[in-house]
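Q: The following block contains the structure, expressed as structure tokens.
The values are calculated or read from the model by the stated rules, or taken from the named source; none is laboratory data. Here the structure is a predicted model, which is why all the values come from computation and not from measurement. For neighbour counting, all protein chains shown are included, and Cβ atoms are generated from backbone atoms with ideal geometry for every residue, glycine included.
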Amino acid sequence: MKILKFKNKQKFKFNKKVIVKDLILLISVGIHQFEKQKKQKVKFNLVITTDPNLKSDIKSIVNYESVINDIKKITEKKHFELLESLSENIFDVIFKNKRIKKVKLQIEKLDIIKEAKSVGIEVVKTKI
């Protein structure tokens, strides 16, 4: 009699990501006096890597609408002289969610340099 061996189920390594693309808000940001007097269009792009072991149900997902609302609240509160300062405020709020492992954040000023479509920063932060 021959014994048949069944192969083990294949295991996968994967990431789950939440994406916010081209969120454009009118905010107060910049070091120049004219930037402090008038709000400007700023574009946000985020890629949020979550815990891959989370269940895919409404109670355990990272809600992109909440992330957007958090960014709106942060940017409505005050003037930021630097995009770097703004990014740190955004990271502080986003990483309060224990399910979030990594955030790639891109912030661009859209109307500040007439010869350029946009200027800005990109920061990637990972929870250790």
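Q: Would you mention how many residues in region 27-48 are in contact (Cβ under 8 Å) with a residue 60 or more places away in the chain and of a type outside the set (A, V, I, L, M, F, W, C)?
A: First pass over region 27-48, keeping only residues in contact (Cβ under 8 Å) with a residue 60 or more places away in the chain: 29-30, 35, 40-46.
Checking the rest, the ones that are also of a type outside the set (A, V, I, L, M, F, W, C) come to 30, 35, 40-41, 43, 45.
Residues that pass the stated criteria total 6.
Q: Does any residue in region 74-85 that is at pLDDT 95 or above come within less than 6 Å, Cβ to Cβ, of a residue that is small (Gly, Ala, Ser) and part of a loop (DSSP other than H, G, I, E, B) six or more places away or on a different chain, and which pairs are these?
A: Filtered contacts from region 74-85: His79/Ser28.
Q: Among what's in region 105-128 and is among the charged types (D, E, K, R) and in a strand (DSSP E or B), pick the residue that is farthest from the chain's Cα centre (by Cα). If you could, list the steps in order and put the result at the bottom.
A: Initial filter on region 105-128 (among the charged types (D, E, K, R)): 108-109, 111, 114-115, 117, 122, 125, 127.
From the residues that got through so far, the ones that are in a strand (DSSP E or B) too are 108-109, 122, 125.
On the way: Glu108: 13, Lys109: 16, Glu122: 10, Lys125: 10 Å.
Ranking the candidates gives Lys109 first.
Q: I need the helices (runs of 4 or more DSSP H) fully contained in region 7-104, keeping only those with at least 1 residues that are of a type in the set (A, V, I, L, M) and buried (at least 16 other Cβ atoms within 10 Å of the Cβ). Spell out how you get there, then give the answer.
A: Working: elements: 33-37, 64-77, 83-94.
Result: 64-77, 83-94.
Q: Can you tell me which condition Ser60 does not meet? The list is (1) at pLDDT 95 or above; (2) among the polar types (S, T, N, Q); (3) within 24 Å of Ile100 (Cβ to Cβ), and all the others hold.
A: (1)
Q: Looking at region 99-117 only, could you name the residues that are free of Cβ contacts under 8 Å to residues at least 12 places away in the same chain and of a type outside the set (A, V, I, L, M)?
A: Matches in region 99-117: Lys114, Glu115, Lys117.
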